[in-house]
Every structure is written in structure tokens, then in C-alpha cells.
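Following: one structure in C-alpha cells, then a few remarks.
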Amino acid sequence: MKFNHISGSIAFLLGTPLVTSLTVGIAPSSAAIIAGSAAAVTIDNFSHIPTETGTVTNTYAQTLANTNSVISKANAEAVFLSNCHELLAANLSQSGVIGSGNNYSGLAQSQAAVIGEFFIDSEETFSFNFQTFLALLTSVDNPQSERARANGSISFWVINTVTNILLDSFQFASGLDSSEGIYLSGFASPSFKPTNINFNFLPQGSAATSLLYTSGVYSRTFNSATNLTLVEVKNNIAKAEAEAEAVPEPSTVLGTAIFLGLFFRQRKHKKKMSGIKSKV
């Protein structure tokens, strides 16, 4: 797959292997199950300067094992730069589980969001550019007794701040399951115009990777003065489990798998995002 016009931040993310941060403490030759989900988004070229910005990040990791090895890791980072020199929103969410042996399970969940409030005057056009990247990985040695699952979603919402009505949205989700295969779904309002969508599914024996890249433009003209809230949120989940009778074999680590890392310093800002009404 070819990725064209990838911004500096996303290009940086593409260079880091998916399992690097998880393999500490578990030799790659003994790893039986790998599940990974990661996503990154950049938003720039805003037509208006936000009146308020914020970010939200959440992570959760859990492992259940006796004498065997399982590691679950989750990371989320987000930034919204709105000073006079740069206007950019970007965030990262990544979840991964790796384990060896049998009779264990691991779960990792991560979420990252950026929020911006804008005032758009009558007959003005609000617009911005966006780029998204979603990578999923699953790998097992024994499909009869082992299972790896990876899920990810990215959503954009443009909301009327005063009425709390959802005006436009762009959403997609993908999942890999070592037992059930792959799924992909998506939806875009007319004001969201994806100009580039690249998807690739890479099966390799009992391992599989899916890569989804999109870029495009949001643009909408408002007939009356409007206060808007832009929300972009991503969720990533990875889960791996092995039954008690599992007999692990040496696994093949997918060398071309993608994992994400972000160099931004995190700045959190709590903001309520519930109670969104459907567009009338």
C-alpha cells in the first residue's frame, strides 16, 4: 500500500514496530499470542481560530495469569495547538497484548480525543483538513486454543454548541479476530469529503495486519451565526487469551507491523461529550 501526502507527525508514527514496547520480558521466540490496535489523527488548515480547546485521554490494562507471561499496555496522547504560530490538533491511541504459555488473558483499552470550539459568522465557511491512520495486528500459534482480537474506531463530530445537535459526522471502525476474520464499516456526512482512502489487509499464516489511511477535507457554509464544537475521538482495544490446554509453538513476529508513538507532550482538559442529539 502506498501512503501519499502523509504529514510529519503521522509519518513519524509509521516507523515504530507494533510489538516493540510489549516484548520486554517475553522472548519473541516464545510469544504465543499478539494483539495490537493503534490509531493516529492530525487536523490542520483550520479556517477559523478556536475560542477554546481541550484534550481527553483514557487508558486501561488488565492481565490474568498464574505461571505464564502476559503483558498488556495502553497509551493515549493528545494535543491541540492554537497559538499564533501554529494551529494543529493531533492525537494517538494504542493498545497491545502479548503473551506466552497457556491459561491466561490480557486486555488493553485506550482512548484519545481533541475538542475545539469555534464561532462561525453568518455566510462564513468553516473548514479543516484531516488525516487518519488505523493499524490492527493479530497473531496466534495455535488457533484451536488461542484467540487474539484487535478493534479500533475513529470518529469526527461537528456539533451545534448551543442546541447540542449533531450537524455532521465522519466515523469508521475496523476489527481483526484470529477466529472470525476482519470487519470494516464507515459513514461520512456530505460535508466530510475524504479525498484519499487506502486499505490493506495482510494475512500471513495465523497472523494478520490491517492498515487503513484516510485524508480529506471538511467544509460547510452556515447561513446564520453559529457556535460549533468539533470533537475527534478514537478508541482502540486489544485482547488475547489462551485456554488451559494450549500448547504454544514458536511464533513469527510480523516484522512489518505498525505501531504508533507520539512526540507531543500531553495536555489534558476534561470536557463532557455525552448527550449529543441526532440531527433533526
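The values are calculated or read from the model by the stated rules, or taken from the named source; none is laboratory data. The shown structure was predicted, so the numbers you read here are calculated from the model rather than taken from an experiment. Quick reminder, even Gly has a Cβ in these numbers, built from the backbone with ideal geometry, and neighbours come from all protein chains shown. Ligands, DNA and RNA are excluded from the accessible area calculation, which covers all protein heavy atoms including side chains. Shrake-Rupley method; radii C 1.70, N 1.55, O 1.52, S 1.80 Å.
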Open item on the list: Take the residues in region 48-68 that are at pLDDT below 90 and not in a loop (DSSP other than H, G, I, E, B); name whichever of them is surrounded by the fewest Cβ atoms within 10 Å (Cβ to Cβ).
Closed with: Leu64
Open item on the list: Take Ser93 and tell me if it is part of a strand (DSSP E or B), out of contact with any Phe, Trp or Tyr (no Cβ under 9 Å at 6 or more places or on another chain) and open to solvent by 10 Å² or more (accessible area, probe 1.4 Å).
Closed with: no
Open item on the list: So, in region 154-184, exactly how many residues are open to solvent by 30 Å² or more (accessible area, probe 1.4 Å) and closer than 30 Å to Glu243 by Cβ?
Closed with: 7
TODO: Give region 105-146 a look and list any residue that's open to solvent by 10 Å² or more (accessible area, probe 1.4 Å) and assigned to a strand (DSSP E or B), or say none.
DONE: Ser105, Leu107, Gln109, Gln111, Glu117, Phe119, Thr125, Ser127, Asn129, Gln131
Task: Close pairs from region 114-136: first touching a residue at least 12 places away in the same chain (Cβ under 8 Å), partner of a type in the set (Lys, Arg) and outside any strand (DSSP E or B), Cβ under 8 Å, at least 6 apart - done: Ile115/Lys271
TODO: Being of a type in the set (Val, Ile, Thr) and in contact with a Lys or Arg (Cβ under 9 Å, 6 or more places away or on another chain) is the filter here, so list the residues in region 39-52 that pass it.
DONE: Val41
TODO: Return the pairs, sorted by first residue and then second, in which the second residue is open to solvent by less than 10 Å² (accessible area, probe 1.4 Å) and polar (S, T, N, Q), the first residue lies in region 149-161 and is farther than 16 Å from Phe128 by Cβ, the beta carbons are less than 7 Å apart, and the residues are 6+ apart or on different chains.
DONE: Arg149/Thr138; Ala150/Ser37; Ala150/Thr138; Asn151/Ser37; Gly152/Ser37; Gly152/Ser174; Gly152/Asn236
Open item on the list: I'm trying to understand the selection: among the residues of region 205-237, which are basic (Lys, Arg) and open to solvent by less than 10 Å² (accessible area, probe 1.4 Å)?
Closed with: Lys234
- [ ] Read through the list (1) under 18 Å from the mean Cα position of the chain (by Cα); (2) modelled with pLDDT under 95; (3) within 26 Å of Thr63 (Cα to Cα); (4) among the aliphatic types (A, V, I, L, M), then give the number of the only condition that Val233 fails.
- [x] (2)
